[in-house]
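Trainee: Structure in structure tokens, see below.
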Amino acid sequence: MTAALSHLSADEARRIALRAQGLLGAPDRRAGVRGVLRRLGAIQLDTISVLARSHELLPYARLGAIDRSAVEDAYWAGGRSFEYWSHAACILPIEEWPLFSFRRRAYRARERWHAELSPTAYDKVIARLRDEGPLTATELGGAKKGGIWWDWSDIKIAVERALTYGEVVCTERRGWKRVYDLAERAVPAELFHDDLDDHECLRRLVAQAGAAMGVATRADLADYHRLTGAQVESVIEETGLVPVEVEGWVSGSGDRPRAWADPAALATPPRGRHRTTLLSPFDSLIWDRPRTERIFGFVHRLEAYVPAPKRIYGYFSMPLLSGGRLLGRVDPAREGSTLVARHAAFEAGQVKAVAAVPAMAVALAEAARWVGCDRIRIERTTPDELRGPLTDAVSRVEI
């Protein structure tokens, strides 16, 4: 492949995407968790914790059984990261602080919010942080009024508004609570500025998204940092990404969408070892559901917020990646030192399903070791007849 290439097969595009996401080829263990964050540009946060929280599962999927106690330090120690609104609430490399000035300006210009902001509370929050240093919302005076869970206190509303404005920054999570500090103190001086205009912010973010995905449609590029299609369109020609045509990539209307590729991704063929691992539903390889279906032919939906009787695969079903394909999914749980596969579902087709059993066993065993479990129990499989073979395969894998 060369930078001038204008046509990619679907298989080439899939392998390019895997390599760009750090799931094909030798992992950069020296760069570690911090290197994963820089490569992806954004790691989504979520409250759900089954095996571990999603921001722990992302580096695990790429680096293997890393030291969980060191993950938070890798993100936060030394002011290496900040939390802000990207694809969703995400951990971002501190180097990206200037790139989100367009979003901070948009928040500051907003006239209407879902909740009224108390000027007294806002000034009080800023003064407390200036005088006392980093604090949680609870330490500032309370996150809730005492009613339903989203019934934020005036203090919580004020500090979250200050975060969106960029006057305050989340410097870490402590017991899943945001720790806030003044941005002028927490962000390195050489990065603490909003002098990039909107166009330049968008240009750099689209280029970063293109590098993180390897090859992407305009819709893919927009979704990565939750930009609009018009924003992507306004800068795409200046990003350095090159237009390509990908075999089989069609839009919902049946039209072939125009795709763009990172020149570095086209420079060398994507080769190397494929990871066999379980993926968080919030992993950036699969967080865009239409892209996941287009690249892998795999339909995946998070069912955590679906009533239990209506769930098909389970509360937090994690896709199984092996050989560069998505071969199935498992809904895990933990009972003491036992990792429970509540439902291990393989993709349709008996031959494919049987062939995926060893990979599922390997992925479950590695996950069990990582979270400190020494036993695995298979409760249910789809198809049903693979429960015995999967149980046998797990018993033969060292935990």
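The values are calculated or read from the model by the stated rules, or taken from the named source; none is laboratory data. In this text the structure is predicted, and so the values were computed from the model without any measurement. Positions of Cβ are backbone-derived with ideal geometry, glycine not excepted, and every protein chain shown enters the neighbour counts. Areas reflect the complete protein model, heavy atoms only, side chains present, ligands, DNA and RNA absent. Shrake-Rupley method; radii C 1.70, N 1.55, O 1.52, S 1.80 Å.
Trainee: Using a 1.4 Å probe on the protein heavy atoms, what percent of the accessible area of the chain belongs to carbon and sulfur? Don't skip to the end; give the middle numbers.
Mentor: Working: 9040 of 17560 Å².
Carbon-and-sulfur percentage of accessible area, whole number: 51.
Trainee: Let me ask something else. Name the aspartates and glutamates eligible as straight-distance cross-link partners of Lys310: C-alpha to C-alpha under 15 Å, and not fewer than 8 places from it in the same chain.
Mentor: Within the straight-line cut-off, Lys310 pairs with Asp331.
Trainee: Tell me the volume per residue, in Å³, of the convex hull enclosing the alpha carbons of the range 9-167. Intermediate values should be presented prior to the final figure.
Mentor: Working: hull volume 27.3 nm³, N = 159.
About 171 Å³ per residue, rounded to a whole number.
Trainee: Mind checking Rg over Rh on the range 105-251, alpha carbons, Kirkwood formula for Rh? Spell out each step's value before the answer.
Mentor: On the way: Rg = 19.3 Å, Rh = 17.9 Å.
Value, to two decimals: 1.08.
Trainee: Taking the Cα centre of the range 1-122 as the origin, how large is its charge dipole in debye, to the nearest 20, when only Lys and Arg (+1) and Asp and Glu (-1) carry charge on their Cβ atoms? Each step should come with its number before you reach the end.
Mentor: Values: 18 positive and 13 negative charges, 54 e Å.
Computed charge dipole of the range 1-122: roughly 260 debye.
Trainee: If one computes P(r) from the Cα atoms of the range 292-399, what percent of pairs lie at distances over 16 Å?
Mentor: On the way: 3254 of 5778 pairs.
Percent of Cα pairs beyond 16 Å in the range 292-399: 56.
Trainee: Between Ile94, Ile43, Ile312, which gets the highest mean-square fluctuation from a Gaussian network model of the chain, Cα cutoff 10 Å?
Mentor: Looking only at Ile94, Ile43, Ile312, the largest GNM fluctuation is found for Ile312.
Trainee: Next question, about the same structure. Counting Lys and Arg as +1 and Asp and Glu as -1, each charge on the Cβ, what is the dipole of the chain about the Cα centre in debye, to the nearest 20? Provide the component values of the computation, followed by the final result.
Mentor: Numbers: 56 positive and 53 negative charges, 192 e Å.
Here the chain has a charge dipole of around 920 debye.
Trainee: Among Leu278, Ser101, Val71, which residue has its Cα positioned farthest towards the positive end of the charge dipole of the chain, with +1 placed on the Cβ of Lys and Arg, -1 on the Cβ of Asp and Glu, and the dipole taken about the Cα centre?
Mentor: So the residue we want is Leu278.
Trainee: Round to the nearest 10 and report in Å² the accessible area of Arg258, as given by a 1.4 Å probe over the protein chains' heavy atoms.
Mentor: Surface open to solvent at Arg258 totals about 110 Å².
Trainee: Place the peptides 125-133, 48-56 in order of packing, highest mean first, counting for every residue the other Cβ atoms within 10 Å and averaging per peptide. Intermediate values should be presented prior to the final figure.
Mentor: Numbers: 125-133: 15.0, 48-56: 18.8.
Ranked from most to least packed, the peptides come out as 48-56, 125-133.
Trainee: Next up: If I histogram all Cα-Cα distances within the chain using bins 10 Å wide from 0, what percent of pairs lands in each bin?
Mentor: Answer for the chain: a P(r) of 5, 21, 29, 26, 15, 4, 0 percent.
Trainee: Dividing the convex hull volume of the Cα atoms of the range 235-342 by its residue count, what figure in Å³ per residue is obtained?
Mentor: On the way: hull volume 17.9 nm³, N = 108.
Considering the Cα atoms of the range 235-342, their hull volume per residue is 166 Å³.
Trainee: Further question on the same structure: Could you please tell me the mean projected area of the C-alpha convex hull for the range 176-282, averaged over all directions and given in square nanometres to one decimal? List each step's numbers first, then the result.
Mentor: Working: hull surface 43.1 nm².
The directionally averaged projection comes out at 10.8 nm².
Trainee: Then there's this: With unit charges on the beta carbons (Lys and Arg positive, Asp and Glu negative) and the dipole taken about the Cα centre of the chain, which residue among Phe296, Leu321, His343 sits farthest to the positive side?
Mentor: Of Phe296, Leu321, His343, it is His343.
Trainee: Return one whole number: the accessible area per residue of the chain in Å², for a 1.4 Å probe. Walk me through the numbers before you get to the answer.
Mentor: Numbers: 17560 Å² over 399 residues.
Ligands and nucleic acids excluded, the figure is 44 Å² per residue.
Trainee: Moving to a separate point now. How large are Rg and Dmax for the range 168-209 when only the alpha carbon atoms are used, in Å?
Mentor: 13.6, 37
Trainee: When every alpha-carbon pair in the range 335-374 is counted, what percent end up more than 11 Å apart? Mind dumping the intermediate values first?
Mentor: On the way: 511 of 780 pairs.
The calculated P(r) of the range 335-374 puts 66 percent of pairs beyond 11 Å.
Trainee: As a test question: what accessible area, to the nearest 10 Å², does Ser6 have when a 1.4 Å probe is rolled over all protein chains in place?
Mentor: Ignoring ligands and nucleic acids, Ser6 comes out at about 70 Å².
Trainee: What aspartates and glutamates sit close enough to Lys177 to cross-link, taking a C-alpha to C-alpha distance under 15 Å and skipping anything fewer than 8 places away on the same chain?
Mentor: Answer for Lys177, where 15 Å is the Cα cut-off: Asp46, Glu72, Glu83, Glu139, Glu160, listed by chain and number.
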